Amino acid sequence: MSATEVSGRRSGRTAPERTDRGPSWATVLRTAASGGRGDRTRIALTATGAGAAALALLCAATVAWMGPEHGPYTTAALNEPGLHAGVVAALVLLCVPVLAFAGQCARVGAPARERRLAALRLQGATPGDVVRVVAAETGVAALLGSVAGTGLFLVLRAVLDAPVRATWALDRTVTYDNGSTGTVTEQFSGLARRLPTDVLPPWPALLAVVVAVPVSAALFAVLSMRRVAVTPFGVVRREQQRPVRVLPVVLLAVGTAGTAGFTALLELLGLQDAAPQVSGLLFTALLLATAVGLLLGTGALAAAVGAALAARVRRPALLLAGRRLVAAPTTAARTHAALLVVVLLAALNQGVRADLLAVPDPASSYAQTLALVDAGFVIAAVIAAAGLVVGAVEGVVSRRSVLAGMSATGVPRSTLHAAVLVETLLPLVAPVVLAATAGVLGARGILGTTASTTVFDAATGDAVLRTVEVAVPWSPLLVLVGAALGTSVLAVLAVLPLLQRSVQPSELRAG
């Protein structure tokens, strides 16, 4: 009798069926599906995030495949082909907080899953087998969510495909006698659809979305295991490197300076006459560098703040928060990633809004498009808030034995509550302010600080070019920063009841 069979009989579990190439995929899937309430919760949340991502991508594909033969629609943003790219970009960017939420959900119930993975190693599974189990668990959950999201998309497409009688506007560019151009809004009445339910992306595109979401989720799960070693005695996290400090500063400086001075950068590179796709790709790369710099810099900032708190303060709550930030500085970056991206893009949108609405009598399609984008950011903010709650729950659950131990030794629960609030909020203040600043500077860099419009002079009969200054949208930016920080506080307050239960003496034996 082999050692694997003996350990399997002693543990009361069935060891993975092994061949020369490892366990079969049927065994891997059966092993991944087993587990307790925490595992089922993680699978359900992962499927929910994947379904939302698939739905957003399918909506983006629908708008991308719209042609002149489709429509009309009640929304001007859908009637104007020139605005479709912005709608597609907004829907694709909506997937960022959704995928970040799914990544946070992958850590729900981590202690119980780690014990289960250690039991698999005890029964003879190799490290590669464990990685396959984790990838299968995440991939299958994401596949179920992606299929459900696709089904919901098809059902909504059929249910909402009902033309209504409405009045819609189309903007048309006209040329005046002196050679200048302007925009004229024409009104139409008749039957129109609220949404592009008459457009269906080709089946290869639908299949690509259904497959891309679970594959991305499985790859993320595999990458998350790169610093984890699963042994028969438990899960060991390899020593983490100190957060990088120079690279985030370089990326943030290059990205912010490049987007803020984008017009000058184009002239410096000789790209002022290049195709819009080239300048758009360059701006996207600079914005991505800004976002990566913010996310990487959050970990370094958390470590620095934690070290300062641990060395200079004497209040127990601040000391506990400082020690936590020093011990796990990357946790803040992972938890706040989606929120920082939302703030960056929302600030960019506010800058674009200030430019488009600065001229008198702006085109109606602009206002409707901006309202649609604002609705997308509200949804993204809600998803980011849900990710914050999940991250806070995971942080409390993973440390419940430590928290219970501190409570048993006499640490007041109010001190523990304050420590959790400080370690969540303090590393977020500076990155949120930087994200809002970088976003609005990027908008002013690509669109300029002035806006021009052509107005018709009734006295002379000529078209006159008028230039107005674009003001910095201070009020929306302050509201954005306050909402981001307030969302973080509410996320912590939402998990305080869980923290109250986690400091019970019965949690001292928790894994």
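Suppose we filter region 182-215 for residues that are at pLDDT below 85 and of a type outside the set (A, V, I, L, M); how many remain?
The total comes to 9.
Quick check: is even one residue across region 402-412 within 13 Å of residue 491 (Cα to Cα), assigned by TED's automatic domain parsing to the domain that holds residue 484 and either free of Cβ contacts under 8 Å to residues at least 24 places away in the same chain or buried (at least 21 other Cβ atoms within 10 Å of the Cβ) (or both)?
No, because not a single residue in region 402-412 is within 13 Å of residue 491 (Cα to Cα), assigned by TED's automatic domain parsing to the domain that holds residue 484 and either free of Cβ contacts under 8 Å to residues at least 24 places away in the same chain or buried (at least 21 other Cβ atoms within 10 Å of the Cβ) (or both).
Hey, does region 338-347 have a residue that's buried (at least 24 other Cβ atoms within 10 Å of the Cβ), modelled with pLDDT under 85 and of a type outside the set (Phe, Trp, Tyr)?
Within region 338-347, one or more residues are buried (at least 24 other Cβ atoms within 10 Å of the Cβ), modelled with pLDDT under 85 and of a type outside the set (Phe, Trp, Tyr).
Just to check your reading of the model, which residue among 151, 145 is modelled with pLDDT of 80 or more and in contact with a Gly (Cβ under 6 Å, 6 or more places away or on another chain)?
Sole residue among the options that is modelled with pLDDT of 80 or more and in contact with a Gly (Cβ under 6 Å, 6 or more places away or on another chain): 145.
Based on this model, can you work out whether residue 69 counts as among the charged types (D, E, K, R), touching a residue at least 60 places away in the same chain (Cβ under 8 Å) and assigned by TED's automatic domain parsing to the domain that holds residue 208?
no
Among the residues of region 415-426, is there at least one that is small (Gly, Ala, Ser), buried (at least 17 other Cβ atoms within 10 Å of the Cβ) and either outside any strand (DSSP E or B) or modelled with pLDDT under 90 (or both)? Break it down stepwise before answering.
Step one: filter region 415-426 for residues small (Gly, Ala, Ser), giving 418-419.
Next, from what is left, pick out any that are buried (at least 17 other Cβ atoms within 10 Å of the Cβ): 418-419.
When the remaining residues are screened for being either outside any strand (DSSP E or B) or modelled with pLDDT under 90 (or both), the result is 418-419.
Yes, region 415-426 contains at least one residue that is small (Gly, Ala, Ser), buried (at least 17 other Cβ atoms within 10 Å of the Cβ) and either outside any strand (DSSP E or B) or modelled with pLDDT under 90 (or both).
For region 454-464, does any single residue satisfy the condition of being crowded, with 22+ Cβ neighbours inside 10 Å and either modelled with pLDDT of 75 or more or in contact with a Ser or Thr (Cβ under 9 Å, 6 or more places away or on another chain) (or both)?
no
Enumerate the pairs (first residue in region 313-329 and surrounded by fewer than 23 Cβ atoms within 10 Å (Cβ to Cβ); second residue anywhere and of a type in the set (Ser, Thr, Tyr)) with beta-carbon separation below 9 Å, excluding pairs fewer than 6 apart on the same chain, so at least 6 apart or on different chains.
From region 313-329, the pairs are 315/415; 316/415; 317/414; 317/415; 320/415.
Can residue 376 be described as in contact with a helix residue (DSSP H, G or I) (Cβ under 7 Å, 6 or more places away or on another chain), among the small types (Gly, Ala, Ser), in contact (Cβ under 8 Å) with a residue 12 or more places away in the chain and within 18 Å of residue 104 (Cα to Cα)?
Criteria not met by residue 376.
So in region 466-478, with the set limited to residues that are in contact with a helix residue (DSSP H, G or I) (Cβ under 9 Å, 6 or more places away or on another chain) and surrounded by 12 or more Cβ atoms within 10 Å (Cβ to Cβ), which one is nearest to residue 435 (Cα to Cα)?
Checking each candidate, the answer is 477.
Can you give me the number of residues within region 266-305 that are in contact with a Gly (Cβ under 7 Å, 6 or more places away or on another chain), buried (at least 20 other Cβ atoms within 10 Å of the Cβ) and either aromatic (Phe, Trp, Tyr) or without any contact (Cβ under 8 Å) to a residue 60 or more places away in the chain (or both)?
Initially, region 266-305 is screened for residues in contact with a Gly (Cβ under 7 Å, 6 or more places away or on another chain), giving 286-287, 289-290, 293.
Narrowing further to those that are buried (at least 20 other Cβ atoms within 10 Å of the Cβ): 286-287, 290, 293.
This time we only want the ones that are either aromatic (Phe, Trp, Tyr) or without any contact (Cβ under 8 Å) to a residue 60 or more places away in the chain (or both), so: 293.
Residues that pass the stated criteria total 1.
The values are calculated or read from the model by the stated rules, or taken from the named source; none is laboratory data. Every value quoted in this text rests on a predicted model; they were computed, and no experiment measured them. Here Cβ is always computed from backbone atoms with ideal geometry, including for glycine, and neighbour counts include all displayed protein chains.
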